[in-house]
Amino acid sequence: NARPLRVPVPQDQLVVGRALEQADLRVPCEAANAIQGTAWQIRTPIYKVLTEVLKRREPKEVLPFLVPPVFPPKLPKKGPDPKIYAKRKRERFRAWRELNAAIANQTQMSERLDACEDLLELMTFWFPWQFDWRGRIYPVPQTLQPQGDDFSRAVLEFARGKTLGERGAYWLAVQLA
């Protein structure tokens with residue numbers, strides 16, 4: 001004759017639960033559905049250029065993380081002034097940190113290019129989106145997404161373009177201003 005365990009619920013959670021039961025979530029759900037209904041495709045010319053740049057590993061100015069950092073020579077512990085030794089140690093630490101960041105960036109770039117290659121086979125694809133606890137909406141994939149960094153945004157384009165029209169041109173001008 002075991003009775004169910006009753007866990008006390010804090011008062012503030014009860015208030016949030018009641019507010020959620022009374023909330024009208026049709027507008028946010030319609031917005032999420034509209035965003036998820038946007039078809040995307042890979043911008044093939046940009047993808048080809050980036051693939052070629054990574055293959056050639058030049059021009060180095062385009063992808064600076066391809067250039068390995070310069071390591072200052074190691075000093076013997078007993079010979080130099082302690083201040084000079086400490087300074088050189090900090091310089092070497094910075095170089096190691098830059099090298100680790102460069103390796104991480106190269107790995108991330110390779111993952112993104114692999115994702116692009118997989119998505120090139122599809123004519124169009126869609127991103128799933130989710131709300132966070134503040135009500136903001138984000139794409140679920142982390143590798144390649146429309147809210148990502150410059151590379152991610154450069155290789156993605158809308159699959160079904162529309163003309164701006166008079167109202168769209170106005171809002172584009174507002175955003176540019």
(message) What distance in nm separates the two pseudo spin-label positions at Leu120 and Lys78, each 7 Å out from Cα along the beta-carbon direction?
(response) 5.9 nm
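What does the convex hull of the Cα atoms come to per residue for the stretch 63-175, in Å³?
Working: hull volume 23.0 nm³, N = 113.
In the stretch 63-175, the Cα hull volume divided by residue count equals 203 Å³.
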(message) Run the numbers for Tyr170 and Glu91: contour at 0.36 nm per residue of separation, minus the present Cα-Cα distance, in nm.
(response) 23.3 nm
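Please give the calculated 222 nm ellipticity per residue for the chain, where each DSSP H segment of at least 4 residues contributes -39500 (n - 2.57) and the sum is spread over every residue; nearest 500 deg cm²/dmol? Present the calculation step by step, with values, prior to reporting the outcome.
Numbers: 6 runs with 93 residues, N = 177.
Result for the chain, helices only: -17500 deg cm²/dmol.
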(message) Rolling a 1.4 Å sphere over the protein heavy atoms, what is the accessible area per residue of the stretch 76-155, to the nearest Å²?
(response) 73 Å²
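Given Cα pairs under 8 Å that are at least 6 residues apart, what percent is the relative contact order of the stretch 38-109?
Details: 31 pairs, mean separation 23.0, N = 72.
This gives 32 percent for the stretch 38-109.
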(message) Could you tell me the relative contact order of the chain? Use alpha-carbon pairs under 8 Å, at least six residues apart, and round to a whole percent.
(response) 29 percent
(request) Work out the FRET efficiency for Tyr138 and Lys162 from their Cβ-Cβ distance, taking R0 = 35 Å, and round it to the nearest 0.05. (result) 0.90
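First compute the accessible area of the chain with a 1.4 Å probe, then give the percent of it belonging to carbon and sulfur atoms. Could you put the intermediate results ahead of the total?
Values: 8220 of 14210 Å².
After summing per-atom areas, the C and S share lands at 58 percent.
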(request) Quick one: which residues, 5+ away or cross-chain, put their amide H under 5 Å from the amide H of Leu156? H built at 1.01 Å from N. (result) Arg43
(request) Report the residues of the stretch 98-130 in range of a label on Gln147: point 7 Å along Cα→C-beta, backbone N strictly under 17 Å from it. (result) 126-130
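The values are calculated or read from the model by the stated rules, or taken from the named source; none is laboratory data. Just so it is clear, the structure is predicted and the values come from calculations on it, not from any experiment. Here the Cβ is made from the backbone with ideal geometry for all residues, glycine too, and neighbour counts use every protein chain on show. Side chains are part of the model used for accessible areas, which takes the heavy atoms of the whole protein and leaves out ligands, DNA and RNA. Shrake-Rupley method; radii C 1.70, N 1.55, O 1.52, S 1.80 Å.
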